[in-house]
1. May I ask you to verify whether GLY91 is more than 20 Å from VAL18 (Cα to Cα), in contact with a Ser or Thr (Cβ under 9 Å, 6 or more places away or on another chain), assigned to a helix (DSSP H, G or I) and open to solvent by less than 20 Å² (accessible area, probe 1.4 Å)?
2. Check the range 153-174 and report whether any residue there is in a helix (DSSP H, G or I), of a type in the set (Phe, Trp, Tyr) and under 15 Å from the mean Cα position of the chain (by Cα).
3. For GLY80, work out the one condition from (1) more than 19 Å from SER169 (Cα to Cα); (2) crowded, with 18+ Cβ neighbours inside 10 Å it doesn't fulfil.
4. Restrict the check to the range 9-26 and report whether at least one residue is part of a loop (DSSP other than H, G, I, E, B) and out of contact with any Ser or Thr (no Cβ under 8 Å at 6 or more places or on another chain).
5. Note down all Cβ pairs under 9 Å where the first residue falls in the range 66-80 and is of a type in the set (Ser, Thr, Tyr), the second is surrounded by fewer than 22 Cβ atoms within 10 Å (Cβ to Cβ) and in a loop (DSSP other than H, G, I, E, B), and they're at least six residues apart or on different chains.
6. Give me the pairs, please: first residue somewhere in the range 2-29 and of a type in the set (S, T, N, Q), second residue anywhere and modelled with pLDDT under 95 and not in a helix (DSSP H, G or I), beta-carbon distance under 8 Å, and either six or more positions apart or on two chains.
7. Quick check on my filter: what residues within the range 146-193 are β-branched (Val, Ile, Thr) and surrounded by fewer than 19 Cβ atoms within 10 Å (Cβ to Cβ)?
8. Can you tell me which residue among ASP19, ASP3 is within 16 Å of the chain's Cα centre (by Cα) and open to solvent by 50 Å² or more (accessible area, probe 1.4 Å)?
Amino acid sequence: MLDADFFRRWMTATAASVDREAERLTALDSPIGDADHGSNMQRGFAAVTAAVEKEAPATPGAVLILSGRQLISTVGGASGPLYGTLLRRTGKALGDAGEVGEEELARALREGVDAVMALGGAAPGDKTMIDALVPAVDALGDGFGAARAAAEQGAIATTPLQARKGRASYLGERSIGHQDPGATSAALLVAGLAEAAGE
């Protein structure tokens, strides 16, 4: 069973990897976005870890709802609302339980991903964070390691796609040949989950 401490570890692990990969995220964002995805995500997850340590939410759902709120208030552009929605909706789906199972987390995450798709209007193949999140959720039944691998493959698979949503879509065919920064940071979030689980 996964408790609040596990979910805190997930957020801390994600913050550490976003910190390490911030320059790469910004480099990916440079040709097809505003060249600020790395610094935005870095700022957001620093705020998440500070809030989670200070407030010490007692349940898995509360950890994610607080984390989502922090991302919405500190991350610029579209990423804040999208990541914030993902975590808040997942947290709300988990409810007030003190511990949750892996199957419950998989179901809740799917609700979170569905909420992101509804908010941003993106579907798989549109060259967005959805391209990493959907395969990750699909693979969660096989374990956290499988979800991480699926998310990483999904992010890499955005490279040959033409962007149909977000800032990159304004570039049309010029968006082809660039790995999507949002899918890449989404893969870091899933990797943080696997790290928290020790996989």
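1. In short, yes.
2. no
3. If we test GLY80 against (1) more than 19 Å from SER169 (Cα to Cα); (2) crowded, with 18+ Cβ neighbours inside 10 Å, just (1) comes out false.
4. Within the range 9-26, not a single residue is part of a loop (DSSP other than H, G, I, E, B) and out of contact with any Ser or Thr (no Cβ under 8 Å at 6 or more places or on another chain).
5. Note: pairs meeting the criteria are SER67/PRO57.
6. THR26/ALA35; THR26/ASP36
7. Across the range 146-193, the qualifying residues are ILE156, THR159, ILE176.
8. ASP19
The values are calculated or read from the model by the stated rules, or taken from the named source; none is laboratory data. What you are looking at is a predicted structure, and each value in this text was computed from that prediction instead of being measured. Methodologically, a virtual Cβ is constructed for each residue, glycine included, from the backbone with ideal geometry; neighbour enumeration extends over all protein chains shown. These area figures cover heavy atoms from the full protein model, side chains too; ligands, DNA and RNA do not enter into them. Shrake-Rupley method; radii C 1.70, N 1.55, O 1.52, S 1.80 Å.
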